[in-house]
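Structure first, then comments.
The values are calculated or read from the model by the stated rules, or taken from the named source; none is laboratory data. On a predicted model such as this, the values are computed, not experimentally measured, just so you know. Cβ coordinates were reconstructed from backbone atoms using ideal geometry, including for glycine residues, and neighbour counts include every protein chain displayed. Surface accessibility is based on the protein's heavy atoms, side chains included, excluding ligands, DNA and RNA. Shrake-Rupley method; radii C 1.70, N 1.55, O 1.52, S 1.80 Å.
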Amino acid sequence: MTTLQHEMIRSELEEVVGKEYISTRESDRLVYATDWFWLPQMWLDRGAQPTLPDFIVHPGTAVEIAEILKIANTYRIPVVPWGGGSGSQGGAAPVFGGIMLDVKRLNRILEIDETSLTVTAEAGINGSVLEWALNEKGLTLPHYAASANCATLGGYLAPRGSGTISTKYGKAEDMVLNMQIVLPTGEIIRTPIVPDHAGGPDYFHLFLGSEGTFGVITEATMQVDYLPAARLLRAVLFQNLGHALGAGRQLMTRRLSPFVIRLYDPASTATQVKKVLGYEMDGAYMVMGFDGDPDIAALQEQKSLEICLALGGQDLGREPGEKWWDHRYHFYYPPNGLHFPWMYGTTETVTTFDKLEKLYWAQKRAVEETYADWNVNYIGHFSHWFHWGASLYSRFIIPEPPQEAEEAIRLHNRIWNTAITAVLENGGMINEHHGVGLKLSRFMRRQYGPAWPMLERIKKTLDPNGIMNPGKVGF
Amino acid sequence: MLDNVISTLENCRFCLMCRHVAPVGMVTNQEAYTPHGMALLVTSQQRGLATWNAETVGIVFSEVDGGNSRTHCATDQPFEEALAAVRAELVVQGLAGTAVTQLHTHLTQWHNPYQPQLPQSATGAGQVALFAGDEAAYLWPETIPAVLKLLSAVGMEVVVGGYGRNNGLFAHSAGFPDLAAQLWQATLDELASVGAKQLLLLSAGDFYAFNDRRGGFSRPVSASAKVSPPDFIEVTDLLAERLAAGEIAFRKTEDETPWTYVDPTHAVRVPERHERVRGLVTAVMPTPPRELFWRKERAQPVGSTYIQFSSPALAERLTRARLQDAQASGAQLLICEDPATLHHLNRYAGEYGLRVQGLYELLAQRVIGHQ
Ligand SMILES: Cc1cc2nc3c(=O)[nH]c(=O)nc-3n(C[C@H](O)[C@H](O)[C@H](O)COP(=O)(O)OP(=O)(O)OC[C@H]3O[C@@H](n4cnc5c(N)ncnc54)[C@H](O)[C@@H]3O)c2cc1C
């Protein structure tokens, strides 16, 4: 971009949002250069400059966003929506520079409807702030992401996130009734008032998972719940991972309504559970939780425990379950979480019960055997459960990766190739809840096969100049 | 110099988990004004990816003092210490900027940032002293007579000390640890000279400065200290205790204006106070409060910290955010005991149709007396 172009774009943006809401400061450009994706973080860590955004813009309304997108179309420059920047897939990384569109000024709660149990809020609202506001009325948005303190409502929806209690309450996308969206060409639309209807085709879900490539989410109406009267947690230890998975499957298929089933594989039981909770155990540590009416929750717990015991589980009682609940997010924060100088990646996936265990072993074997020379650690847990299957939240960690940044990138990408190939060959999806972003963009064609050109045509129709978040989600 | 804090900064760089409470980050919605943003900036500077210049240094001096983030930290990182150390390093390198340097000069010469006037020394002797400080002296002077009346109502005669002297927090936050320690020590020395064993404090900020920072702001208490650090107690705590014990009582006002209690700057650092101080306010107010959204453990500061000197515009935004919160609650009367919080709220309250009331004065007007 020439200085003249830069100044012309800047002056036009200033006319839309005002001078104080645009930044080209060195510090801001650096801080907005990367989200939680290991690759650009590593680049920074090694003292190399990642691609910086040219402008950081803080619009205050959907109308302003529409105007910004029109400017971006005129100059054919990229626009990257940024919520909290906590995504781990590089979805908010400005790989081609351009406008970083920080939506956090759109942070108002517009309505809490205590009859229908819905909340309508602007998309930039912080997850924990929204939750506090709902809690004041005895309500909760049951999307308990470990990143709620920093993530935004739009950031929950755009990559189709899942929170800790998704097993009962669903993914973020299951909670949304309707959204206001600014299309890449600048039109502001509102999707139908409810998602479940027979009033024509469902274009609404097209925007969930589009990660800013089809437009900018500016408002959403979400289903909320009453805060539960009781939350019962319990831990069970299995010596056999297959039996533990079988227990989880039965809890789900018999609709015993656990709000959480968190099953750690033996490797993460020995490392993660020990580090965060202080328990030294051999086997697969499983936490299950039941909530709502205390009597019903207790009965569900009792029936579930019977299933676990019948499959060889050892009841550890409530305390280890409650301790897990209290520390459930600590697994992800420093110093317990992933950190440099490690190389790491969360290769999480989802599939049906019939394929789940096979997929786990296939991915584990592929990663561990191929990268044994790098002392790779492969750990996993099964966290978001459905009536038909569950997600495998797996991770690779290389404690001592190559020092040279370029070599590190190559190794990183090779491991991802291995992990995702194992997923695709065993009937899994390339991702369950972190989204595609930049990281998995190159696998989209393989994932979708002959359906991919159709998605490309949709993208071309919605975003003819390709300004929205280029390089992401395969586009 | 940063060796001791670098691991904290590396951790904060990779963590965003206090964004929901980081005061300046919240009012600006800018990533750079969060502990994550600042830590990323500092660690990037160390890697040669950023340079120190007016803009980047300005960012580092634009966070309040890391107190809210520290209180809510998911993994207990001492971010406030790390931030103070970075600022101290920038000061040593002569990069801190004019506003910070001027603050240093004023604090060094006058022991307060507000007035070209030296603190008044304590006179008399006694077991209990009241630290008047600079904020009550210069920002909300009605505080001292009201507090003395209340203390007298519970049968306490106190020596007033530190009148016009800063508690050391400004100097600490702005990167002058030695000056912070000197100011802190001067108060302790003054106490020793009057024979006081207990120090009464007017605000959460003073309590934090004296009680939680007993080490004297990273420096051991000087060997010349003639007393071991005394007991520190907030006046509101003392009055709440006496109220509970039936040793003091208040007549309720007839004023039915919708009201709220504003947790003052630094209140998040002293969680035990939240309910106690509310107990005092409800003893005089005839109606239940309208609670603010940003209250108690999620209380946010007004622009009363040293940021009022380094970034006055940001300080104003912090204060206005509290007034907007109050307005949204439906309250028309804002009650608080902290002189600095009162002063800052009062600057703009009229624009929001709000009135500000000092809690100590209100209690002093309604006190029934020594039972
Ligand atoms: C410690 C930690 C724990 C995490 N735990 C979880 C978890 O439990 N569950 C989970 O699902 N994820 C988790 N994540 C991943 C991440 O936090 C989530 O994906 C989160 O929902 C992203 O929200 P954000 O506001 O930070 O989005 P960003 O990272 O800013 O953006 C994510 C993507 O969405 C796009 N986007 C953002 N806002 C909008 C908008 N308004 N309109 C259109 N596109 C938009 C961006 O362009 C980008 O492609 C975790 C991350 C961290 C760092």
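Before moving on, here are some points about what is shown:
- The requirement of being closer than 28 Å to residue A:132 by Cβ and of a type in the set (Asp, Glu) is fulfilled nowhere in region A:66-82; no residue meets it.
- Just so you know, in region A:130-147 the residues that are open to solvent by 20 Å² or more (accessible area, probe 1.4 Å) and facing chain B (nearest Cβ under 10 Å) include one that is farthest from the ligand (Cβ to nearest atom), and it is A:136.
- No other residue among A:225, A:295 is within 24 Å of the chain's Cα centre (by Cα) and open to solvent by 20 Å² or more (accessible area, probe 1.4 Å) apart from A:225.
- Restricting B:240, B:244, B:267 to those that are surrounded by fewer than 16 Cβ atoms within 10 Å (Cβ to Cβ) and aliphatic (A, V, I, L, M) reduces the list to B:244.
- Residues of region B:317-349 satisfying the condition of being of a type outside the set (Lys, Arg), more than 17 Å from residue B:266 (Cα to Cα) and open to solvent by 10 Å² or more (accessible area, probe 1.4 Å): B:324, B:325, B:327, B:328, B:329, B:330, B:332, B:346, B:348
- Filter result for residue B:53 (within 16 Å of the ligand (Cβ to nearest atom) and within 11 Å of another protein chain (Cβ to nearest Cβ)): no
- In the set (1) basic (Lys, Arg); (2) open to solvent by 30 Å² or more (accessible area, probe 1.4 Å); (3) touching a strand residue (DSSP E or B) at 6+ places or on another chain (Cβ under 7 Å), the condition left unmet by residue A:262 is number (2).
- Failed condition for residue A:153, given (1) more than 20 Å from the chain's Cα centre (by Cα); (2) open to solvent by less than 30 Å² (accessible area, probe 1.4 Å): (1)
- Residue A:106 satisfies every condition listed in (1) open to solvent by less than 20 Å² (accessible area, probe 1.4 Å); (2) touching a helix residue (DSSP H, G or I) at 6+ places or on another chain (Cβ under 7 Å); (3) within 15 Å of the ligand (Cβ to nearest atom) except (2).
- Test for residue A:412: is it not assigned by TED's automatic domain parsing to the domain that holds residue A:257 and not in a strand (DSSP E or B): yes
- Qualifying residue in region A:179-190 (condition: within 14 Å of chain B (Cβ to nearest Cβ) and more than 8 Å from the ligand (Cβ to nearest atom)): no
- Matching helices (runs of 4 or more DSSP H) fully within region B:33-101 where at least 1 residues are among the polar types (S, T, N, Q) and open to solvent by 10 Å² or more (accessible area, probe 1.4 Å): B:35-46, B:67-72
Quick grid of which residues meet (1) open to solvent by 60 Å² or more (accessible area, probe 1.4 Å); (2) away from the ligand (no atom under 16 Å from the Cβ); (3) under 23 Å from residue A:345 (Cβ atoms):
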position	(1), (2), (3)
A:386	no, no, no
A:389	no, yes, yes
A:407	yes, yes, yes
A:410	yes, yes, yes
A:418	no, yes, yes
A:424	no, yes, yes
A:427	no, yes, yes
A:439	no, no, yes
A:462	no, no, no
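- Test: residue in region A:48-68 that is aromatic (Phe, Trp, Tyr), surrounded by fewer than 22 Cβ atoms within 10 Å (Cβ to Cβ) and farther than 20 Å from residue A:158 by Cβ: no
- Of all residues in region A:192-226, those satisfying the criterion of being touching a residue at least 12 places away in the same chain (Cβ under 8 Å), of a type outside the set (A, V, I, L, M, F, W, C) and either within 14 Å of chain B (Cβ to nearest Cβ) or more than 13 Å from the ligand (Cβ to nearest atom) (or both) are A:192, A:195, A:203, A:205, A:221, A:223, A:225, A:226.
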